[in-house]
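Participant: First, the structure itself, so that you have it in front of you.
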Amino acid sequence: MNLSAHRGWLLFRPQRDWALGDTTYPAGSLLAAGFEDYLAGSRELSVLFTPDAHTSLQSWSWTRNFLLLNLLRDVSSELRVLDPSRPGVSGEGAWASSLLDACPPLHDVNAYAVDDEDESPDDGGAGDDFWLVATGFTTPSTLMRGTLKRGTAEGNAVGMAGVVSSHAAVKASPSFFDDGKYEVQQHFAVSADGTRVPYFQVASRDLVLDGQNPTQLSGYGGFEISRPPAYSGTVGRAWLERRTAESAGAEGAAPHSRGGVYVVANIRGGGEYGPSWHRAALKENRHRAYQDFAAVARHLISRGVTSRERLGCVGGSNGGLLVGNMLTQYPELFGAVSCGVPLLDMRRYTKLSAGHSWIAEYGDPDVPGEWEFIRTFSPYHLLKDGVEYPETFIWTATSDDRVGPVQARKMAARMQAMGIPNVWYHEALEGGHAGASDNRQTAALQARSQHFLWRTLAGGAA
């Protein structure tokens, strides 16, 4: 249960379906109670938000007089303003609701109060100012500041709630690549159990669907962490804009004259559709996350975006466990795997670093019945002789105190001892779970991963 308090209000966001009296509130709802009333024993709750098959609540923030809801609708942002002083209309929730017109399609936009304690008068006071932080795959992070105020019923700018808003850009991060040349699309793959899995595709506007595009597929799928659109100058410069025509192809291979395709898969285990999307891939259901990711890979191939030889995947931490399972369970789908600061030996993960705190996510390998399902997604134990594995780059940091480098060391050592070709390993001395401690080290680490994927997937050195 997530709880927060603001002035006279207490808010609840249950992580599981919550039965209270004769009513059951769905996981991911947002509920309100009067603070003093609740302390006095009243359990009368007002429903402010109810999730549906397409929409989830990611976070919320109070200004002095209004409540800002940061929502994802099919992994694109939607912002709503609630006014507790005015009742909602049928189907809208207990408080009047307005849509904040600040979200371009396929972008991530979040609103936060500037200073909800400002005691200025209700109209025009800074207490109802808010920050907007917006980003997208081709949009550098932009900071905006806005103001909310109550309008009149006639001619208000936002609808039934009578809330008028205005906002303007304050500052934007620089652009590091020619983002106008690229197009962001959203597609849906169908997983093994029929679940529709969204993914974002970033590619040149003149993308040719001939299966020959070097494609980097990224994912996470754990701990209710969402992967909405986000700008990356590294991806833009080192992947989208990259051309092997700049150098000679390896062993006579033709230089690759087109840039890469970047894909983010919003698989189960994450928080894109709220707590239920996360819970769907816990413990014995962990394979759903991997089936989702594999379904996206197959969808990219079937659409002609790429092919097995041109498709690579990348992930770190829990995402390292994800791509470790792509390596061992779906080797026929990928030409390259970049696996960072990973969990890989699930038999001993609870004994290493922070592993014991993740039992609720993966299960407890010391319980025999749970080890039976955990072993089916433990990449270290799934390696087999006689399998044609993708080229693999495993990287970690000696100072990683969250996962620990031993997981990566063991996997790389076992693969090399089995005679599996093209297994590369890198271990930084410092940087912790991030694998790098400053910008220079971060750049070097990203360059290694991007270079490995490009060299393998584009058919030439770069």
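The values are calculated or read from the model by the stated rules, or taken from the named source; none is laboratory data. These figures come from a predicted structure and were not determined experimentally. Positions of Cβ are backbone-derived with ideal geometry, glycine not excepted, and every protein chain shown enters the neighbour counts.
Participant: Do you know which residues across the stretch 25-43 are loosely packed, with under 11 Cβ neighbours inside 10 Å and touching a strand residue (DSSP E or B) at 6+ places or on another chain (Cβ under 8 Å)?
Facilitator: 43 - this is the single residue of the stretch 25-43 that is loosely packed, with under 11 Cβ neighbours inside 10 Å and touching a strand residue (DSSP E or B) at 6+ places or on another chain (Cβ under 8 Å).
Participant: What is the residue count in the stretch 269-303 for residues that are closer than 30 Å to residue 208 by Cβ and acidic (Asp, Glu)?
Facilitator: 2
Participant: Also, I was wondering about something else. From the residues in the stretch 1-13 that are crowded, with 16+ Cβ neighbours inside 10 Å and free of Cβ contacts under 8 Å to residues at least 60 places away in the same chain, which one is farthest from residue 49 (Cα to Cα)?
Facilitator: Per the criteria, the residue is 10.
Participant: Out of the residues in the stretch 303-320 that are assigned to a helix (DSSP H, G or I) and in contact with a strand residue (DSSP E or B) (Cβ under 9 Å, 6 or more places away or on another chain), state the one that is surrounded by the most Cβ atoms within 10 Å (Cβ to Cβ).
Facilitator: The extreme case among them is 320.
Participant: OK, next. Here is a list: 135, 147, 142. Which entry is among the polar types (S, T, N, Q), in a strand (DSSP E or B) and modelled with pLDDT under 95?
Facilitator: 147
Participant: Then there is this: Being farther than 21 Å from residue 81 by Cα and at pLDDT 95 or above narrows it down to one residue among 55, 24; which is it?
Facilitator: Unique residue meeting the criteria: 24.
Participant: Quick check on this structure: which one of 66, 35 is farther than 22 Å from residue 271 by Cα and in contact with a helix residue (DSSP H, G or I) (Cβ under 7 Å, 6 or more places away or on another chain)?
Facilitator: 66
Participant: Now, a different point. Does any residue of the stretch 251-271 turn out to be modelled with pLDDT under 95 and not in a loop (DSSP other than H, G, I, E, B)?
Facilitator: Taking every residue of the stretch 251-271 in turn, at least one turns out to be modelled with pLDDT under 95 and not in a loop (DSSP other than H, G, I, E, B).
Participant: Ok, one more. Please determine whether any residue of the stretch 163-172 is of a type in the set (Val, Ile, Thr), farther than 20 Å from residue 105 by Cα, assigned to a loop (DSSP other than H, G, I, E, B) and modelled with pLDDT under 95.
Facilitator: No, the stretch 163-172 has no match at all.
Participant: For residues that are in contact with a strand residue (DSSP E or B) (Cβ under 9 Å, 6 or more places away or on another chain) and of a type in the set (Gly, Ala, Ser), tally how many sit in the stretch 336-373.
Facilitator: 3
Participant: Another question, if that's okay. For residue 109, indicate whether it is assigned by TED's automatic domain parsing to the domain that holds residue 163, within 22 Å of residue 141 (Cβ to Cβ) and without any contact (Cβ under 8 Å) to a residue 40 or more places away in the chain.
Facilitator: Considered against the rule, which asks whether it is assigned by TED's automatic domain parsing to the domain that holds residue 163, within 22 Å of residue 141 (Cβ to Cβ) and without any contact (Cβ under 8 Å) to a residue 40 or more places away in the chain, residue 109 comes out as yes.
Participant: Residues in the stretch 189-217 that are in contact (Cβ under 8 Å) with a residue 12 or more places away in the chain and in a strand (DSSP E or B): how many?
Facilitator: Within the stretch 189-217, residues that are in contact (Cβ under 8 Å) with a residue 12 or more places away in the chain and in a strand (DSSP E or B) number 13.
Participant: Hey, another quick one. Among the candidates 345, 292, which residue alone is under 17 Å from the mean Cα position of the chain (by Cα), of a type in the set (Asp, Glu), outside any strand (DSSP E or B) and within 21 Å of residue 389 (Cα to Cα)?
Facilitator: Unique residue meeting the criteria: 292.
Participant: A further question follows. Inspect all residues belonging to the stretch 364-371 and state whether any of them is of a type in the set (Gly, Ala, Ser) and within 23 Å of the chain's Cα centre (by Cα).
Facilitator: So far as the stretch 364-371 goes, no, none of its residues is of a type in the set (Gly, Ala, Ser) and within 23 Å of the chain's Cα centre (by Cα).
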